[in-house]
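Presented below is the structure to which this report refers.
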Amino acid sequence: MNRHVLIVDDVQTNRMLPGMILRGLGDVIYECAGGEEALAILAQAPITHVLLDISLPKVSGVDICRRIRERPDWRHIRLIAYTAHGMEQQTHAFLAAGFDGVLVKPIRREDLLRALA
């Protein structure tokens, strides 16, 4: 079964590389630039995985993560913090907030696939 991956990042170039890699593997990709738009997509599409930027305009990725985790029908979604903040303390904070993993930018193909596994 192919993954249905939502890539949420306000910088288009940060959405391009993971989208290109995952499309090449046959995954279905959805993209958006903000948290509210991400929630709208989640309400309509069969998303299985989310790469969620932490530093989004208006609402932080951590806040969006918490909102997703509040919904029982979305608890199956694998949430990956997609961030440039990769210090150990920050990683622990992201995991404590409800993320399943952390993917640090700039990404490598191997790290992306490991995060989504």
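The values are calculated or read from the model by the stated rules, or taken from the named source; none is laboratory data. Quantities reported herein were computed from a predicted structural model and do not represent experimental measurements. Please note: Cβ atoms are built from the backbone with ideal geometry, for glycine as well, and neighbour counts cover all protein chains shown. SASA here: full protein model, heavy atoms, side chains in, ligands and nucleic acids out. Shrake-Rupley method; radii C 1.70, N 1.55, O 1.52, S 1.80 Å.
Summing Lys and Arg as +1 and Asp and Glu as -1 over all other residues whose Cβ lies under 13 Å from the Cβ of Arg78 gives a net charge of +2. Across Lys58, Lys105, the residue with the most accessible area heads the list, and the full order at a 1.4 Å probe is Lys58, Lys105. Only helical runs count toward this figure. For the chain, summing -39,500 (n - 2.57) over DSSP H runs of n ≥ 4 and dividing by all residues gives -13000 deg cm²/dmol at 222 nm. Other residues lying with their Cβ under 12 Å from the Cβ of Gln12 contribute a combined charge of -3, Lys and Arg counting +1, Asp and Glu -1. Among the protein heavy atoms, those of Asp53 account for about 10 Å² of accessible surface (1.4 Å probe, every chain in place).
Per residue, the accessible area of the chain comes to 53 Å² when a 1.4 Å probe rolls over the protein heavy atoms. Split the accessible area of the chain by element, probe 1.4 Å, and carbon with sulfur accounts for 54%.
The Cβ shell under 12 Å around Phe94 holds other residues with a net charge of -2, Lys and Arg each +1, Asp and Glu each -1.
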